[in-house]
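The values are calculated or read from the model by the stated rules, or taken from the named source; none is laboratory data. Keep in mind the model is a prediction, meaning the values are calculated, not measured. Every residue, glycine as well, gets a Cβ built from its backbone with ideal geometry; the counts of neighbours run over all protein chains shown. When the accessible area is computed, the model is the full protein with side chains, heavy atoms only, and any ligands, DNA or RNA have been set aside. Shrake-Rupley method; radii C 1.70, N 1.55, O 1.52, S 1.80 Å.
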Amino acid sequence: EADIYQTPRYLVIGTGKKITLECSQTMGHDKMYWYQQDPGMELHLIHYSYGVNSTEKGDLSSESTVSRIRTEHFPLTLESARPSHTSQYLCASSESRGSLGTGELFFGEGSRLTVL
Amino acid sequence: SQQGEEDPQALSIQEGENATMNCSYKTSINNLQWYRQNSGRGLVHLILIRSNEREKHSGRLRVTLDTSKKSSSLLITASRAADTASYFCATDHDYKLSFGAGTTVTVRA
């Protein structure tokens, strides 16, 4: 079992609401990631972080924002949710391996967001 | 973009048979990884193969990598009902992993 936790697992909200998806890991990993996944589709990297106070946008443009104030915590926030934000959001973490490249990613169980 | 593309999109086999799925990608990579996802859950890492390796085994899994053809294959031998899941390849380029859309494998009892 990976020690990475996402809450909530399921969330149904109305348009215009602000939401925060929580992600925490207890493995001391420097690198953390947020992926977005629609059913039967590929995962898209929307945000990543290489450590505290480091955040970068991923390959897929997203209206969400992230913060990394503590090593173990990497929350994702949507200021004003819309139906187009309906998706599954997956958080992951990995060790830093320098020039060896990206190692194994440990994923949380995901947060399935539905915006009405 | 860098993501891998899995083939086939879906595969249905009888318990005890082997399952083979392929992954193609576009540019140079540091390594290639395979993950499994059960319905509605997060992804679980299966195996990592470095760009200078050609084959790797882990239990009933065998992964090959051909960097000249920019392709990889995952073989699951003697499949079980519990192997029913979606399988994704992920390519490590520029220290980020890019995933394909996956192969959905159904193992019939």
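Mind jotting down a quarter of the surface of the convex hull over the alpha carbons of segment B:5-108, in square nanometres, one decimal?
Hull-based average projected area comes out at 6.0 nm².
Comparing B:Ala19, B:Ala81, B:Ala90, which has the greatest mean-square fluctuation in the GNM of chain B with Cα pairs linked when under 10 Å apart?
Between B:Ala19, B:Ala81, B:Ala90, it is B:Ala81 that shows the largest mean-square fluctuation.
How shielded is B:39-48 by partner chains, expressed as the average number of their Cβ atoms within 10 Å of its Cβ atoms? Before the final figure, lay out each step's value.
On the way: counts 1, 7, 5, 15, 11, 6, 8, 1, 1, 4.
Counting other chains' Cβ atoms within 10 Å and averaging over B:39-48 gives 6.
What FRET efficiency do you get for A:Glu95 and B:Arg41 if R0 is 25 Å and r is their Cβ-Cβ distance, rounded to the nearest 0.05? Show your work: numbers first, answer last.
On the way: r = 22 Å, r/R0 = 0.89.
Rounded to the nearest 0.05, the efficiency is 0.65.
Which trypsin sites (Lys or Arg not before Pro) does segment B:1-76 hold that lie in a coil by DSSP with at most 12 other beta carbons within 10 Å?
B:Arg54, B:Lys69
Across peptide B:98-107, how many C-beta atoms of other chains are within 10 Å of each residue C-beta, on average?
That works out to 3 on average.
If Lys and Arg each add +1 and Asp and Glu each add -1, what is the summed charge of the other residues whose beta carbon sits under 9 Å from the beta carbon of A:Leu78?
Net charge in that neighbourhood comes out at +1.
Antiparallel DSSP bridges in the protein assembly as shown: what percent, to the nearest 5?
Of those bridges, close to 90 percent are antiparallel.
Just to be sure I understand: with springs between alpha-carbon atoms less than 10 Å apart, which residue in A:Arg68, A:Arg82, A:Arg97 has the highest mean-square fluctuation in the Gaussian network model of chain A?
A:Arg97
In percent, how large is the relative contact order of segment B:19-100, given Cα pairs closer than 8 Å and 6 or more residues apart?
38 percent
Based on the Cβ-Cβ distance of B:Asp94 and B:Gln14, what FRET efficiency does E = 1/(1 + (r/R0)^6) give at R0 = 45 Å, to the nearest 0.05? Please report the intermediate quantities before stating the final value.
Working: r = 41 Å, r/R0 = 0.91.
That pair, B:Asp94 with B:Gln14, gives E of 0.65.
Heads up, I need the accessible area for A:Asp30: 1.4 angstrom probe, whole protein in place, Å², nearest 10.
Per-residue accessible area (A:Asp30): approximately 70 Å².
Given R₀ = 35 Å, FRET efficiency for A:Glu79-A:Met27 by Cβ-Cβ distance, to 0.05?
Working from the Cβ atoms, E equals 0.75.
Which value, in Å to one decimal place, does the Kirkwood hydrodynamic radius take for segment A:4-115 when every pair of different Cα atoms is included? Let's see the in-between values first.
Numbers: mean 1/r = 0.0711 Å⁻¹.
Hydrodynamic radius (Kirkwood, Cα pairs) of segment A:4-115 is 14.1 Å.
Take the Cα pairs of segment B:1-41, get the Kirkwood Rh, then feed it into Stokes-Einstein at 10 °C and 1.306 mPa s and tell me D in µm²/s.
Numbers: Rh = 12.7 Å.
Result for D is 125 µm²/s.
Where Lys and Arg each count +1 and Asp and Glu each count -1, what net charge lies around B:Ala82 among other residues with Cβ under 15 Å from its Cβ?
+2
Ordering A:Leu100, A:Leu43, A:Leu11 by how much accessible area each has at a 1.4 Å probe, largest first, what is the list? Walk me through the numbers before you get to the answer.
Values: A:Leu100 100, A:Leu43 5, A:Leu11 45 Å².
If we order A:Leu100, A:Leu43, A:Leu11 from most to least accessible, we get A:Leu100, A:Leu11, A:Leu43.
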